[in-house]
Amino acid sequence: MATDLSIIIPAYNEERRIRPFLSDVINFSAKLKRYEVIIVNDGSTDSTEKIVDSMIKSKENFRITSHDKNLGKGAAIKTGVFEARGKSVIFIDADGSIKPSEIPEMARNLDKYDVVIGSRTRKESEVIQPRMRKYIGGAFNLYSNMLFNTGVDDTLCGFKGFRRDVARDLFSNLLSERWIFDVEILYKIRKRKYTLYRQPVRWEHRDDTKIKSTDPLKMIFQLLWLRLRLMVNAD
């Protein structure tokens with residue numbers, strides 16, 4: 001079946017949040033034509049896969065694919081990218097921080113740009129988040145730009161879209177398959193001179209985050225490691 005849009009939802013141990021979010025996606029999808037939704041279960045050890053299976057079993061345009069073990073968010077999205085049949089490919093986090101209603105605007109923008117990323121720092125964006133999370137995110141973005149000069153001030157927003165051929169190029173030799181994969185992707189976008197648009201979004205912080213208090217420190221060293229790997233691989 002010809003498909004214009006592939007929507008990828010990476011999910012890892014999301015039994016508390018996947019049901020309301022996926023319900024929103026299912027209800028919203030009734031407004032779409034020529035689309036598919038791919039839920040990538042990244043080795044969940046809870047009932048995420050069972051919940052998704054029960055919700056989409058009668059939905060023609062929905063399917064789930066699963067990793068045997070947890071490989072990381074970047075790896076989950078990569079799996080979805082290479083299964084996608086749509087001309088445009090969008091991934092959106094399963095935590096519900098961004099509503100599916102944001103998807104059509106991103107799909108329209110992908111008619112003009114190679115890559116479109118959700119940006120919580122645009123003045124038109126509506127963002128609700130704890131002040132400390134905002135400061136931590138700002139520090140991470142500043143540090144990652146010092147190392148990679150991506151020119152993007154919101155690297156980790158879990159809402160990004162690509163033309164399919166561009167997505168496959170960017171994800172084909174992914175060095176970092178966990179949290180910092182976004183930085184690698186944005187770095188490659190700049191180096192390969194793909195056109196990019198930062199789309200304002202409505203974003204609301206959700207509790208039960210997967211990022212632990214020690215993860216920002218780990219990310220500092222992971223970013224250094226990634227920068228060295230990219231230098232070895234001639235960027």
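The values are calculated or read from the model by the stated rules, or taken from the named source; none is laboratory data. Source: prediction; values computed, not measured. Ideal geometry is used to build each Cβ from the backbone, glycine not excepted, and the neighbour counts take in all protein chains shown. These accessible areas exclude ligands, DNA and RNA; they are computed on the full protein's heavy atoms, side chains included. Shrake-Rupley method; radii C 1.70, N 1.55, O 1.52, S 1.80 Å.
Is it the case that residue 195 is modelled with pLDDT of 95 or more and either of a type in the set (Phe, Trp, Tyr) or in contact with an Asp or Glu (Cβ under 7 Å, 6 or more places away or on another chain) (or both)?
yes
When you scan region 118-138, how many residues do you find that are closer than 20 Å to residue 106 by Cβ, loosely packed, with under 15 Cβ neighbours inside 10 Å and of a type in the set (Ser, Thr, Tyr)?
Of the residues in that region, 0 qualify.
Of 141, 145, 149, which residue is of a type in the set (S, T, N, Q) and open to solvent by 70 Å² or more (accessible area, probe 1.4 Å)?
149
Which condition from (1) outside any helix (DSSP H, G or I); (2) modelled with pLDDT under 95; (3) among the aromatic types (Phe, Trp, Tyr) is the one that residue 162 breaks?
Unmet for residue 162, out of (1) outside any helix (DSSP H, G or I); (2) modelled with pLDDT under 95; (3) among the aromatic types (Phe, Trp, Tyr): (2).
I'd like the full set of residues that are among the hydroxyl-bearing types (Ser, Thr, Tyr) and closer than 18 Å to residue 195 by Cβ, limited to region 117-154.
Listed by number, the residues that qualify are 119, 150.
Given the conditions (1) in contact (Cβ under 8 Å) with a residue 12 or more places away in the chain; (2) part of a loop (DSSP other than H, G, I, E, B), and given that residue 207 satisfies all but one, which numbered condition is not satisfied?
The number of the failed condition is (1).
Among (1) modelled with pLDDT of 85 or more; (2) open to solvent by 60 Å² or more (accessible area, probe 1.4 Å), where does residue 223 come up short?
Going through the list (1) modelled with pLDDT of 85 or more; (2) open to solvent by 60 Å² or more (accessible area, probe 1.4 Å), residue 223 breaks only (2).
Where the second residue is modelled with pLDDT of 95 or more and the first is of a type in the set (S, T, N, Q) and lies in region 179-195, which pairs have Cβ atoms under 9 Å and are six or more apart or on separate chains?
Sorted first by the residue in region 179-195, then by its partner, the pairs are 195/112; 195/113; 195/114; 195/115; 195/189.
Return yes or no: is residue 60 among the acidic types (Asp, Glu) and within 17 Å of the chain's Cα centre (by Cα)?
no
What number of residues within region 171-188 satisfy the criterion of being within 15 Å of the chain's Cα centre (by Cα) and open to solvent by less than 50 Å² (accessible area, probe 1.4 Å)?
10
Scan region 25-54 for residues that are within 25 Å of residue 181 (Cβ to Cβ), charged (D, E, K, R) and in a helix (DSSP H, G or I) and report the count.
1
Go through 103, 98, 92 for me and flag whichever is under 15 Å from the mean Cα position of the chain (by Cα) and within 22 Å of residue 176 (Cα to Cα).
None of the others qualify; the one that does is 92.
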